[in-house]
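The values are calculated or read from the model by the stated rules, or taken from the named source; none is laboratory data. Not measured: the values here are computed from a predicted model. Here Cβ is always computed from backbone atoms with ideal geometry, including for glycine, and neighbour counts include all displayed protein chains.
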Amino acid sequence: MNQRYLISILLLLACNKPAIELKPYGDSIKVSELKKIQRDYWPTQAWKSASPESLGMNTDKLQEMEKYSFTLTGNDEDRLGIRTDSVVIIYKGKLVYEKYAREYKKDQKHLLWSVAKSYINTLVGIAVRDGLMKLDDFAYEYVPELSVTEEHKKITINHLLTMTSGLDGREGYESNPMNSTVIAMLYTKGRSNMGAYCSSLPIIAEPGKRVYYSSCDTNILSLALQNVYGKEKYLELPNKELFNILGIRDLTWEKDGSDVYVGSSYIYSKPTDVAKFAFLYLNNGYWNGKKILPDGWVTQARTPSEGYKTTKYYPGLEKNNYTAQWYANTGVPDAGIPKPMPDIPSDTFFGSGHWGQRVFIIPSLDLIVVRFADDRKKEDFSDNDFLKPIVESVQ
Amino acid sequence: MKPKKLIITIILFIVFDLMLFWVISNWSNLKVFPSIISSFYSKEYCSCYFVVGQDEDYCHNFARQWIPISDFKLDLENKKVSVSGLGRTNSAIFLDEKNGCVLQELN
């Protein structure tokens with residue numbers, strides 16, 4: 001009996017052992033500023049097309065990607081396997097590949113899910129550029145609902161951007177709907193005012209010290225922007241300051257019950273328009289000579305969150321290199337966190353959404369890849385296996 | 001009371017207490033849990049149909065979850081989707097192309 005008891009305890013301890021050993025590290029990862037690329041046109045009106053061959057791409061490799069992405073590997077009615085809806089590739093500023101599948105057609109909008117978070121990064125950047133908020137400002141100054149405790153008041157705009165608010169967000173979707181704060185936020189008790197609901201969550205870590213991906217952090221930022229600009233100006237903000245400039249004319253951004261953009265999840269956009277958004281970041285926040293984002297903003301979007309220094313291991317931590325509403329492929333080597341995509345250049349940064357939505361930016365290759373899908377099991381699709389032949393096609 | 005019966009009674013009492021504690025500590029989540037099915041279905045169907053422009057079959061397959069719904073109503077005139085499940089009914093309404101769909105007051 002005692003022996004069985006001991007074995008059970010040992011098994012329990014073994015299960016709790018981290019998959020990786022995190023090590024303390026000193027300096028932050030240094031990401032160099034993107035170099036300016038001279039463009040012969042800007043895709044404000046439309047993308048110019050070019051054949052892959054004319055730009056020296058290996059079309060066999062593109063076919064390899066196409067076979068991997070567009071071959072249904074499971075029963076579609078059961079929503080199993082890889083279920084790609086569209087892939088768009090922009091190389092050297094030209095549209096070199098686009099394919100649409102299942103029920104999706106060119107010029108049809110698609111739900112971005114969490115890729116939307118990267119758009120909130122842009123809107124916060126615009127507010128910072130215009131001197132309306134600073135990264136080190138306390139968020140409760142813009143979101144009074146965040147004045148719950150003295151600990152809540154320590155949360156800054158930067159903490160929310162880098163997913164280190166310390167709020168007790170629980171990001172499970174289908175796995176544990178009852179305890180999921182993102183489900184409660186989107187569909188039940190949070191839906192009338194998502195930012196306010198999220199602000200009411202208890203603090204479980206010192207702000208700035210623990211990276212935990214939470215849709216709540218993004219929606220508090222969206223609420224902060226509404227209070228910074230005022231309701232009317234805030235509603236005009238995305239079109240006036242971003243989409244009109246980029247030539248994105250047909251986009252839906254849904255709001256919660258308090259007219260706050262659901263920054264965490266609910267943008268519907270065409271793949272070629274998402275590629276335009278990515279092109280802004282590939283060009284270091286400039287669009288046709290106009291500075292959209294402040295100096296250093298894109299660099300921060302490519303740099304893993306400072307909070308990794310002090311984040312204790314929890315299952316799944318090593319899968320993300322979260323930055324500031326984007327992901328990086330740098331890894332966090334000193335902390336023992338590997339590159340999420342080992343065969344893909346380290347300077348890749350990307351937006352990532354539920355059920356397989358992705359926008360990848362690879363500055364060293366002047367490459368953008370957008371992929372939309374309806375993959376219900378994330379383990380069915382590998383970002384690395386998808387991107388590898390595309391990267392090889394330009395090398 | 002025989003010792004065996006006493007042990008079983010104590011165990012049942014402890015289990016009951018633990019369950020009661022769990023229900024009390026999770027009450028705010030438990031209370032809204034039945035609404036998840038109908039809210040999710042109505043919101044995601046509404047956006048799939050009116051924003052993305054997919055057909056009814058596609059949107060049903062997109063929005064369904066492992067717990068089946070008991071009633072579904074697509075009101076084309078008012079651009080409203082109402083769904084019932086687990087004893088709750090929730091609705092989402094399509095505003096326009098720019099603003100998409102929004103859930104109505106929580107049931």
**Prompt:** When you go through A:195, A:172, A:125, A:166 one by one, which is the residue that is within 14 Å of chain B (Cβ to nearest Cβ) and of a type outside the set (Ser, Thr, Tyr)?
**Reply:** A:172
**Message:** Which numbered condition in (1) over 30 Å from residue A:258 (Cα atoms); (2) surrounded by 15 or more Cβ atoms within 10 Å (Cβ to Cβ); (3) over 23 Å from the mean Cα position of the chain (by Cα) is the only one that residue A:60 fails?
**Reply:** (2)
**Message:** Pairs needed: first member in the range A:251-267, free of Cβ contacts under 8 Å to residues at least 40 places away in the same chain; second member anywhere, among the hydrophobic types (A, V, I, L, M, F, W, C) and in a loop (DSSP other than H, G, I, E, B); C-beta distance under 7 Å; at least 6 residues apart or different chains.
**Reply:** A:254/A:262; A:255/A:262
**Prompt:** Quick one: which of B:36, B:14, B:8 is modelled with pLDDT under 95, within 21 Å of residue A:111 (Cβ to Cβ) and of a type in the set (A, V, I, L, M, F, W, C)?
**Reply:** B:36
**Asked** In the range A:214-226, is there at least one residue being more than 13 Å from chain B (Cβ to nearest Cβ), touching a Ser or Thr at 6+ places or on another chain (Cβ under 6 Å) and among the hydroxyl-bearing types (Ser, Thr, Tyr)?
**Response** yes
**Asked** Within the range A:122-129, can one find any residue that is in a helix (DSSP H, G or I) and over 23 Å from the mean Cα position of the chain (by Cα)?
**Response** no
**Asked** With respect to residue A:140, is the statement that it is more than 15 Å from the chain's Cα centre (by Cα), within 14 Å of another protein chain (Cβ to nearest Cβ) and either in a loop (DSSP other than H, G, I, E, B) or modelled with pLDDT of 95 or more (or both) true?
**Response** no
**Message:** For the range A:315-330, which positions are part of a loop (DSSP other than H, G, I, E, B) and touching a residue at least 24 places away in the same chain (Cβ under 8 Å)?
**Reply:** A:315, A:320, A:323, A:324, A:325, A:326, A:330
**Prompt:** Does the range B:11-34 contain at least one residue that is within 21 Å of residue A:260 (Cβ to Cβ) and either loosely packed, with under 11 Cβ neighbours inside 10 Å or in contact with a Leu (Cβ under 9 Å, 6 or more places away or on another chain) (or both)?
**Reply:** yes
**Asked** Going through the range B:27-54 one residue at a time, which ones are facing chain A (nearest Cβ under 8 Å), within 18 Å of residue A:113 (Cβ to Cβ) and of a type in the set (Phe, Trp, Tyr)?
**Response** B:40
**Message:** Residues that are of a type outside the set (Asp, Glu), free of Cβ contacts under 8 Å to residues at least 60 places away in the same chain and on the phi > 0 side of the Ramachandran plot: does the range A:291-304 have at least one?
**Reply:** no
**Request:** Tally the residues that are charged (D, E, K, R), surrounded by fewer than 17 Cβ atoms within 10 Å (Cβ to Cβ) and within 14 Å of chain A (Cβ to nearest Cβ), restricting the search to the range B:55-91.
**Result:** 5
**Exclusive hit being surrounded by fewer than 19 Cβ atoms within 10 Å (Cβ to Cβ), polar (S, T, N, Q), modelled with pLDDT of 95 or more and closer than 21 Å to residue A:274 by Cα, set A:84, A:44** = A:44
**Request:** For the range A:293-310, name all the residues that are part of a loop (DSSP other than H, G, I, E, B) and buried (at least 22 other Cβ atoms within 10 Å of the Cβ).
**Result:** A:293, A:302, A:304, A:305
**Complete:** Taking the range A:74-118 and keeping residues assigned to a loop (DSSP other than H, G, I, E, B) and under 17 Å from residue A:390 (Cβ atoms) leaves A:82, A:92, A:93, A:101
**Message:** So if I check each of A:371, A:376, which one is under 30 Å from residue B:61 (Cα atoms), in contact with a helix residue (DSSP H, G or I) (Cβ under 9 Å, 6 or more places away or on another chain) and assigned to a loop (DSSP other than H, G, I, E, B)?
**Reply:** A:376
**the range A:184-203: number of residues that are closer than 24 Å to residue A:326 by Cβ and surrounded by fewer than 24 Cβ atoms within 10 Å (Cβ to Cβ)** = 1
